[in-house]
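Right, one structure below, let's go through it.
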Amino acid sequence: MSSPVAALIGSLLTEMGGSREHSVFLDDARRQKILKGIFTNYYADCEASVIFDTSRAWCARMNLIDALFPEAKVIACVRHMPWVIDSVERLVLRNVFQPSGIFGYTTTGTVYSRAEAIAKGEGMVGFGYNALKEAFFGPFAHKLMLVQYETLVTDPARVLQAIYDFTGTEPFTHDFDNVSYDADEFDRKLGTPGLHHVRRKVAAEPRRTVLPPDVFQRFENDAFWRNPDLNPHRVAVI
């Protein structure tokens, strides 16, 4: 689930930009204070010493994160791309009586148009993928860590320890056989029940794809993070 913070930040950056006539009353120092205030006030009631704010947009805002919170880090969760597309298509097939908001609640598409829609630059998957590449190959890559879904479901203890080490936080004992998370209300409103459902037991569950072979193959080579030669900044990939 994405928090609203990144969207609020984006809206404020637009409103404080040069396209607005009132921008003459704002300098960068004031803009920085206003943006930092969004984080401060949104998490004002949180007693935790470390905050994890979730949004695919942060990988496209690494320079802003560095300016506002120099000690902040970014953890990006990744998965072999064809299986991401496959997971979305499975939800569409499962929710046969509910058009999904992911595709504008339309029912006229095919697996090809749906794959194209989410993979394009502004799509649900494509935007996050392009933002990840920007962060991975950009000047703030030292703040980035990639967590592969495949590693998480096969060796969750090692992944969590790596995250604790990366963030410098105190380890916590997890029960990987008893995980529970749902966002039923949000998913129903989006017309995509089960979108954020998490299985109770953390484990790999092999399956056959529901995608046509040409759709699956289209995304087969997109996992650039698997190639050490394409990791010039030595980003941590677990």
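All of the numbers you see were taken from the coordinates with simple rules; none came from a lab. Because the structure is a prediction, the values reported are computed rather than measured. Positions of Cβ are generated from backbone atoms using ideal geometry, with glycine treated the same way; all protein chains shown enter the neighbour counts.
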Subtracting the Cα-Cα distance of residue 181 and residue 22 from 0.36 nm times their residue separation yields 52.9 nm
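Using Cβ contacts closer than 10 Å as the measure, can you line up 14, 192, 54 from fewest to most? If you can, show how the numbers build up before the last one.
Numbers: 14 10, 192 21, 54 13.
The order, fewest Cβ neighbours first, is 14, 54, 192.
Counting helices only, and only those DSSP H runs with n ≥ 4, report the 222 nm mean residue ellipticity of the chain as the sum of -39,500 (n - 2.57) divided by its residues, in deg cm²/dmol to the nearest 500.
On the way: 10 runs with 100 residues, N = 238.
My calculation for the chain gives -12500 deg cm²/dmol from helical runs alone.
In whole percent, what relative contact order does segment 180-235 give with Cα contacts below 8 Å and a gap of six or more residues? Write down the numbers at each step before the final one.
On the way: 23 pairs, mean separation 12.7, N = 56.
The normalised contact order for segment 180-235 reaches 23 percent.
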Amide H partners (placed H, <5 Å) of residue 76, local residues excluded: 145, 146, 147
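List 55, 23 from most exposed to least, where exposure is judged by having the fewest other Cβ atoms within 10 Å. Don't skip to the answer; put the middle values down first.
Numbers: 55 19, 23 13.
Final ranking by Cβ density, sparse to dense: 23, 55.
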Exposure proxy ranking, count of Cβ atoms within 10 Å, fewest first, for 150, 205: 205, 150
